[in-house]
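Heads up: the structure comes next, in structure tokens.
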Amino acid sequence: MNILYPERGSLLQCSISLLRWGTGIYLTPDEESIASSMSYAGHAHLTLTADLFSWERELNSHLESNGRILLDNAVHVLMVSQILSESSAKEVVRNEIRALEERFLQLKGQYEATTEPVESIIRWLNLLEDIMVGNFVWSLRTTRYSCPGPNPYQDHLKAFDYDDIHIVRPPAQTAVPILEADPNQPNYLDPVLDAYSYINSLPSKNVRLRLILALDSWYKVPGKSLLIIEGVINFLHSSSLLLDDIQDDSSLRRGKPVAHQIFGTAQTINTATYLINEALCLVQMLSPSAVSVYSGMPNPSYSPGEFSTLTLAEEMRNLHLGQSYDLHWSHHSQKPTPEEYFNMVDGKTGGLFRLICRLMKSEAMHNRDLNLDHFATLLGRYFQIRDDYQNLLSAKKKGFCEDFDKGKLSFPVILAMRSKEFATIFSSIFNGHHSPGTLSLELKQYLLDRIADGEAFPQTKSVLNKLHLKLLNLLGDIERSIGIDNWPLRMLILKLRISDGAEKQASQFDASWEISQRRLWEGVSKNSPVEPKSTSHQLPKNGERSFEEG
């Protein structure tokens, strides 16, 4: 899709034609060709301005219609194609509007400076400039685009008469004895939510939220249910992060101090367990089938066959069992096999991905028979191995080789320990003789060099590539089976790939967008032939099935 083509707005074209007719401006075909690059800049400016200011209204209409009203907006196109947050996408559109305005004025000035400018073209450009300015000012003030900005989670809770969660902080109040405190007052929950608010403020790629939005292309979950599912997953994920950092004795989370170093270990544990309870409260606001997914207790009015046998309670059980093996191996320096590692990951990381799929399936208006458990499990494996791989090769977010501080048996370390020499070195260092977080930089570098001397990193990269290919192939199979392409999910998978050039491939715009930009900035006529750059690629053929492919 081209985010700049003004032709996608027939109303705009009609309005422009009426304005030109009303002001008596007529251009010959040759004059239209001369003015084409300037007309394009003006039309694109009008289109993107409308998209920027109408975004909230269009999004609300899309959600309220349960997806029946499509989102045809540049902000949405950027969020999907570039995997951007809403604020980042809007900033891209703002910058594009400024660039279009500057380019229009530059081209207009150049044309006016020519020896014999055509009067009708000058009149048209002056009119178009007035329209651009007027449209922007009108968009700033019109009530058509004004939307209230309340917290969608609070609005949703009120819709269900559920008023037990209050996030907004009130003005400071005098202290009240605990026995007289009102649980319904917002400040009552401040201490238990501080660690949660902090970890949510840290930078994140929001992979799970983007997975939810991508899967909604298939499931078409009602807007209110979608918000609740987002809240459930956010609570559970935040809870697991808070507990993981304590159990692993981490010092950094996404490049910032971990929550328990700020709010204390005891309070952070309390917050984490509170979030699990709140996730259960949110699930109870969904349909009976979703509650059954969470609790494992089907509603008597539904037949047992309508519910999945793997409940949320079981997924939470799997998550904690997986974490227990991870902690056990690290504490005892006990080397697991790759197969045992994958079983651990399927519980620890894959459980939350499967839960997303199962809750959305329970609330779906379409494709209610679509089971994505296997896809979610493979995604969990890929995500965890990718995290292990990057932890040892990148110091940007969690510090230099922080997994070594914890004595964690990550996937590259497990592969490296196939060497008896490295296994002896690793066991000697981590067999209870070092306190957590006490490894020197020199010792970390020594361990990293020993791993790099072997084949652990290339083998890990090979496993990641195979899993990535498996995910893409499985995605293609699902798309063909239900007849709906899922480009947001494909872009998400491509963005996660660790490969030379993969990021560039995943972040490319459509070729048509590139053509339009080149025409605009080079002053080329719209009808001039411009060949797009090739973006084609060929995936390797399936190899033999191995343990990492599931």
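None of the figures in this text is laboratory data; all of them are computed from the coordinates on show. Because the structure is a prediction, the values reported are computed rather than measured. Ideal geometry is used to build each Cβ from the backbone, glycine not excepted, and the neighbour counts take in all protein chains shown.
Figures for the structure shown
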| quantity | calculated |
| --- | --- |
| Residue (of Ile122, His43, Leu140) at the positive-pole extreme of segment 6-141, dipole from beta-carbon charges | Leu140 |
| Local electrostatic count at Asn318 - Lys and Arg +1, Asp and Glu -1, tallied over other residues with Cβ under 9 Å | 0 |
| In sequence order, calculated HN-Hα J values of segment 124-132 (Karplus, 6.51, -1.76, 1.60; Hz; x Gly/Pro) | 5, 5, 5, 5, 5, 4, 4, 5, 4 |
| Cα-only radius of gyration and Dmax that characterise segment 187-496, units Å | 20.2, 64 |
| For segment 187-496, with +1 on Lys and Arg beta carbons and -1 on Asp and Glu, the positive-most of Leu321, His331, Ala214 along the dipole | Ala214 |
| Residue-wise HN-Hα coupling along segment 445-462, computed from phi with Karplus coefficients 6.51, -1.76, 1.60 (Hz; x: Gly, Pro) | 5, 4, 4, 4, 5, 5, 5, 5, 5, x, 10, 5, 5, x, 5, 4, 4, 5 |
| Normalised alpha carbon radius of gyration of segment 6-141 [divisor 2.2 N^0.38 Å] | 1.17 |
| 5 angstrom amide H check on Val221, placed H, neighbours 5+ away | Met365 |
| Order of Thr115, Thr47 - criterion: other Cβ atoms within 10 Å of each residue's Cβ, fewest first | Thr115, Thr47 |
| Selection from Thr28, Gln13, Ser88, by position along the positive dipole direction of segment 6-141 (Cβ) | Ser88 |
| Sequence of Cys14, Cys357, Cys401 once ranked by neighbouring C-beta atoms within 10 Å, starting from the fewest | Cys14, Cys401, Cys357 |
| Sorted by Cβ neighbour density within 10 Å, fewest at the top, the residues Glu119, Glu315, Glu64 | Glu119, Glu64, Glu315 |
| Residue-by-residue Karplus 3J(HN,Hα) for segment 43-52, coefficients 6.51, -1.76, 1.60, Hz, glycine and proline x | 4, 5, 4, 5, 5, 5, 4, 4, 5, 5 |
| Per-peptide average of other Cβ atoms within 10 Å, ordering 90-96, 222-228 highest first | 222-228, 90-96 |
| Check: segment 187-496 dipole with +1 on Lys, Arg Cβ and -1 on Asp, Glu Cβ, in debye | 640 debye |
| Whole-number percent relative contact order across segment 187-496, with pairs defined as alpha carbons under 8 Å at least 6 apart | 20 percent |
